[in-house]
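For reference, the structure discussed in these notes is given below.
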Amino acid sequence: MSLSACAELSRCFAAAASAKPNSGKSNATAVTSLAVRSPIGRDGAVLSVSRSRKTSRIVAEASQGLTYRDAGVDIDAGSELVRRIAKMAPGIGGFGGLFPLGDSYLVAGTDGVGTKLMLAFETGIHDTIGIDLVAMSVNDIVTSGAKPLFFLDYFATGHLDVDVAEKVVKGIVDGCKQSDCVLLGGETAEMPGLYKEGEYDLSGCAVGIVKKDSVINGTNIVAGDIIIGLPSSGVHSNGFSLVRRVLAQSGLSLKDQLPGSNITIAEALLAPTVIYVKQVLDLISEGGVKGIAHITGGGFTDNIPRVFPEGLGALIYDGSWEVPAVFKWLQEAGKIEDSEMRRTFNMGIGMILVVSPEAANRILENRGQTDKFYRIGEIISGKGVTFS
């Protein structure tokens with residue numbers, strides 16, 4: 001999620017206050033859920049606020065393999081900012097923010113597309129970047145089990161090119177259709193001098209709804225539960241600062257064929273982010289889903305632990321899914337360490353579900369010919385994410 005605020009959403013929820021629940025008991029005023037580790041109260045006095053971990057600074061390039069920090073993005077600095085913000089607004093950190101509404105919660109998320117936009121500028125391909133924008137927010141809020149209701153977008157540029165803007169909005173509309181939600185409104189801002197010629201920026205907000213007794217929050221996850229992975233279409237919309245650094249030093253261009261595949265590098269990198277809403281809601285409806293994580297910035301290392309309680313960790317099975325060629329090329333061309341790849345990219349898994357063993361067997365046995373679900377790991381006693 002982006003650290004930038006969404007004005008429309010903030011106006012809607014301006015009166016909301018928050019505090020973290022530590023015991024599972026609701027606060028008489030307003031209680032928040034920190035990520036999906038914290039239990040959510042049942043009496044309606046609950047508020048959860050989301051805040052992402054994406055920020056950047058320019059740092060020196062490493063002498064050996066490339067890192068995300070070399071490319072200008074410091075995940076640790078982002079995490080530190082979240083920690084400081086949490087002192088002012090406790091509860092920051094979840095994939096989506098929960099706001100009580102009768103017997104339900106509104107679940108909201110906001111995000112952008114990051115420097116993937118720069119590839120759209122370079123290639124002139126603008127009609128799919130809007131899908132990415134919608135995907136980044138709706139995939140976040142569905143981790144709570146919420147069905148998306150509506151989406152709001154923000155398009156900012158130095159000089160409005162109506163044809164380009166129309167293509168971008170077409171992608172947003174396509175993304176909303178895939179999510180079964182409504183493009184409710186948005187803002188177009190023309191700000192001369194702020195952006196380079198031909199460039200623009202995007203952000204958006206998604207709002208969904210889930211019954212209070214149906215919230216997916218991870219509190220009932222136990223050791224022995226199974227981790228199911230849903231495949232990604234490629235890099236999705238995170239890690240592009242590092243992607244662009246690798247591309248620059250590789251000697252290849254976006255028009256060149258991606259090594260190990262039959263498509264160009266541009267086609268691989270600009271593949272739209274998968275929208276998992278229908279898949280995930282269908283799986284939730286079958287029962288047994290205990291926790292869900294959207295694998296975005298922070299990759300496996302930082303996102304998977306957000307879904308289970310303290311004292312538990314994740315064991316990921318190496319080789320249990322097909323890693324797309326684009327990640328193999330990025331790692332080889334950039335001489336990137338395994339640990340850096342796993343903390344930066346989704347590695348071919350864009351969403352994970354923690355389910356009971358019985359649910360895992362049902363999901364894998366009943367998958368259709370076009371469904372690709374992988375048993376990629378299990379929950380263990382411990383901490384963090386290990387690979388074996």
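Quick notes on this structure:
- Close amide H partners of His236, meaning residues 5 or more places away or on another chain with modelled amide H under 5 Å apart, do not exist here.
- Around the amide H of Gly291, modelled in the peptide plane, lie the amide H atoms of Val354, all under 5 Å away and 5 or more residues distant in sequence or on another chain.
- Charge dipole (the stretch 243-295, unit charges on Cβ, about Cα centre) - positive-most of Ile265, Leu247, Leu283: Leu247
- Rounded if a/c under 1.5, otherwise prolate or oblate - the stretch 196-260, Cα gyration tensor axes: oblate
- Dipole in debye (nearest 20) - the stretch 69-118, about Cα centre, beta carbon charges: Lys, Arg +1; Asp, Glu -1: 120
- Which of Gly97, Ala86, Gly130, positive extreme of dipole for the stretch 84-143 (C-beta unit charges): Ala86
- Lys, Arg +1 and Asp, Glu -1 on Cβ, resulting dipole of the stretch 211-322 about Cα centre, debye, nearest 20: 360
- Relative packing of peptides 203-212, 173-182, 280-289 - highest average C-beta neighbours within 10 Å first: 203-212, 173-182, 280-289
- Unit charges on C-beta of K, R, D, E only; dipole of the stretch 248-373, Debye: 180
- A straight line joining the Cα centroids of the stretch 184-234 and the stretch 321-388 runs 20 Å.
- Share of carbon and sulfur in the accessible heavy-atom surface of the stretch 62-200 [1.4 Å probe, %]: 57
- Farthest towards the positive end of the charge dipole of the stretch 138-200, among the residues Gln178, Tyr200, Ala165, is the Cα of Gln178, using unit charges on the Cβ of Lys, Arg, Asp and Glu.
- Take 293-301, 258-266 and order them by the average number of nearby Cβ atoms within 10 Å per residue, most first; the result is 293-301, 258-266.
The values are calculated or read from the model by the stated rules, or taken from the named source; none is laboratory data. Small disclaimer: the values here were computed from a predicted structure and weren't measured. FYI the Cβ positions are ideal-geometry reconstructions off the backbone, even for glycines, and counts take in every protein chain you see. The accessibility values were calculated without ligands, DNA or RNA, using every heavy atom of the protein model including side chains. Shrake-Rupley method; radii C 1.70, N 1.55, O 1.52, S 1.80 Å.
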